[in-house]
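As structure tokens, the structure follows; a few thoughts come after it.
The values are calculated or read from the model by the stated rules, or taken from the named source; none is laboratory data. Please read these numbers as outputs of a predicted model, since none were measured by experiment. Here the Cβ positions follow ideal geometry from the backbone for every residue, glycine too, while neighbour counts run over all protein chains shown. Keep in mind that these areas ignore ligands, DNA and RNA; they rest on the heavy atoms of the full protein, side chains included. Shrake-Rupley method; radii C 1.70, N 1.55, O 1.52, S 1.80 Å.
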Amino acid sequence: MPEFLQSRFFDLYWHYFVAGLAVYIGARLTYFFFNSKDKKEEYKNFGNEADFKTPDQIAESKCVEDESEDEEIMPALPANLKHVPLVFEKLPVHETIERSEEFYKFMNMRRTVRRFSDESVPAEVIYNIIKTAGTAPSGAHTEPWTYVLVKSLEIKQQIRQIIEDEEEINYKKRMGKVWTTDLKALRTNWIKEYLTEAPYLILVFKQTYSFRDDGKKKLHYYNEQSVSLAAGMLLTAIHYAGLVSLTSTPLNCGPALRSLLGRPISEKLSLLLPVGYPAKDCVVPDLQRKPLEEILVEF
Ligand SMILES: Cc1cc2nc3c(=O)[nH]c(=O)nc-3n(C[C@H](O)[C@H](O)[C@H](O)COP(=O)(O)O)c2cc1C
């Protein structure tokens with residue numbers, strides 16, 4: 001037995017050691033319990049079958065299911081789908097170069113804006129922007145996205161309440177020191193005025209699956225990547241229309257926002273974007289973008 005355990009000191013004060021050990025174990029268990037609860041909550045928001053299995057694995061398990069049912073597998077798109085000539089105009093090389101340069105300069109002016117004016121924007125503009133996002137490529141043309149457009153001030157206020165309540169906990173407890181320190185330069189916190197200032201909120205939901213006309217579950221392969229691509233096109237269309245937005249991913253708010261907006265369980269909130277004009281006194285952080293040499297690897 002170690003000498004310390006046999007000492008007079010330990011003999012006199014052993015109950016303090018036991019009590020200390022019990023407090024330590026209790027604290028570890030409490031931390032473990034709350035941490036795993038938060039993780040589960042996060043998976044509920046962002047996780048889906050496709051996040052944990054490759055599409056091939058999902059397709060494989062589905063095939064086994066289908067085979068055992070000994071049923072004919074109906075394709076999601078008609079097998080005899082017509083193929084039509086591509087509409088494509090080949091540009092002279094100099095024009096291709098000019099266009100690519102101009103477009104880069106234009107896109108380099110896109111900035112995330114955190115202060116909005118309440119000036120209205122015609123709904124038609126927003127419909128065109130969402131239609132543009134709807135032209136994005138998607139895994140097996142599943143188009144796994146739903147755009148919820150909120151113009152009603154009452155619903156915007158409810159959304160703001162849900163987000164600010166969660167964000168206060170996020171900033172104070174969940175995000176941790178490193179994350180909140182990294183955000184200091186951007187001057188963000190849990191107060192989100194833009195959620196009621198901007199004329200529109202667009203909430204992008206990814207559909208993890210849907211149902212076909214025959215009632216069978218339709219798998220949405222690569223729904224994460226498809227929705228991310230569409231979101232990039234949405235941002236580009238907003239910028240091209242002369243409007244501004246803020247890309248946000250409200251942490252832990254997915255289920256509450258989904259139920260507020262009446263979306264089904266198969267849909268997970270991907271992004272929330274306020275869209276409109278910037279406030280008159282709007283400032284943005286003076287950020288630099290990485291040069292080509294830092295983001296390009298060529299062989
Ligand atoms: C996935 C994602 C989540 C983001 N979430 C937030 C957010 O919650 N709040 C915020 O103010 N900005 C958010 N941003 C915006 C980034 O901070 C911003 O894009 C970055 O600072 C670069 O600035 P820029 O968009 O002006 O180039 C997010 C951006 C992305 C891509």
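Residues are listed down the side, and each one gets a yes or a no for (1) under 22 Å from S259 (Cα atoms); (2) buried (at least 19 other Cβ atoms within 10 Å of the Cβ); (3) touching a residue at least 40 places away in the same chain (Cβ under 8 Å):
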residue	(1), (2), (3)
P122	no, no, no
V125	no, no, yes
N128	no, no, yes
P137	no, no, yes
A140	no, no, yes
W145	yes, yes, yes
V148	yes, yes, yes
S152	yes, no, no
Q157	yes, no, no
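For region 105-117, what are the residues that are surrounded by 11 or more Cβ atoms within 10 Å (Cβ to Cβ), within 16 Å of the ligand (Cβ to nearest atom) and outside any strand (DSSP E or B)? The answer is F106, M107, R110, R111, V113, R114, R115.
Scanning region 270-284 for residues that are within 12 Å of the ligand (Cβ to nearest atom) and either open to solvent by less than 10 Å² (accessible area, probe 1.4 Å) or not hydrophobic (A, V, I, L, M, F, W, C) (or both) yields S270, L272, L273, P274, P278.
Quick grid of which residues meet (1) assigned by TED's automatic domain parsing to the domain that holds M233; (2) in contact with a helix residue (DSSP H, G or I) (Cβ under 6 Å, 6 or more places away or on another chain); (3) assigned to a helix (DSSP H, G or I); (4) within 27 Å of K151 (Cα to Cα):
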{"site": "H83", "(1), (2), (3), (4)": "no, no, no, no"}
{"site": "I97", "(1), (2), (3), (4)": "no, no, yes, no"}
{"site": "F103", "(1), (2), (3), (4)": "no, no, yes, no"}
{"site": "E119", "(1), (2), (3), (4)": "yes, no, no, yes"}
{"site": "E124", "(1), (2), (3), (4)": "yes, no, yes, yes"}
{"site": "Y127", "(1), (2), (3), (4)": "yes, no, yes, yes"}
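Filter region 244-268 for residues that are of a type in the set (V, I, T) and either touching a residue at least 24 places away in the same chain (Cβ under 8 Å) or within 14 Å of the ligand (Cβ to nearest atom) (or both); which is most open to solvent (accessible area, probe 1.4 Å)? Once the filter is applied, the top-ranked residue is T249.
Based on this model, can you work out whether K290 counts as within 16 Å of the ligand (Cβ to nearest atom), of a type in the set (D, E, K, R) and more than 27 Å from Y240 (Cβ to Cβ)? Against the criterion (within 16 Å of the ligand (Cβ to nearest atom), of a type in the set (D, E, K, R) and more than 27 Å from Y240 (Cβ to Cβ)), K290 does not qualify.
So for region 92-103 (the condition being surrounded by 15 or more Cβ atoms within 10 Å (Cβ to Cβ) and either of a type outside the set (K, R) or at pLDDT 95 or above (or both)), does at least one residue qualify? No, region 92-103 has no match at all. When region 200-249 is limited to residues that are of a type in the set (S, T, N, Q) and under 26 Å from S152 (Cβ atoms), the one that is farthest from the chain's Cα centre (by Cα) turns out to be S245.
Whether a residue is modelled with pLDDT of 95 or more, of a type in the set (D, E, K, R) and exposed (fewer than 14 other Cβ atoms within 10 Å of the Cβ) was assessed, and E164 does not pass this test. Residues that are out of contact with any helix residue (DSSP H, G or I) (no Cβ under 8 Å at 6 or more places or on another chain) and surrounded by 13 or more Cβ atoms within 10 Å (Cβ to Cβ) within region 184-197 comprise T188, E193, Y194, E197, listed in sequence order.
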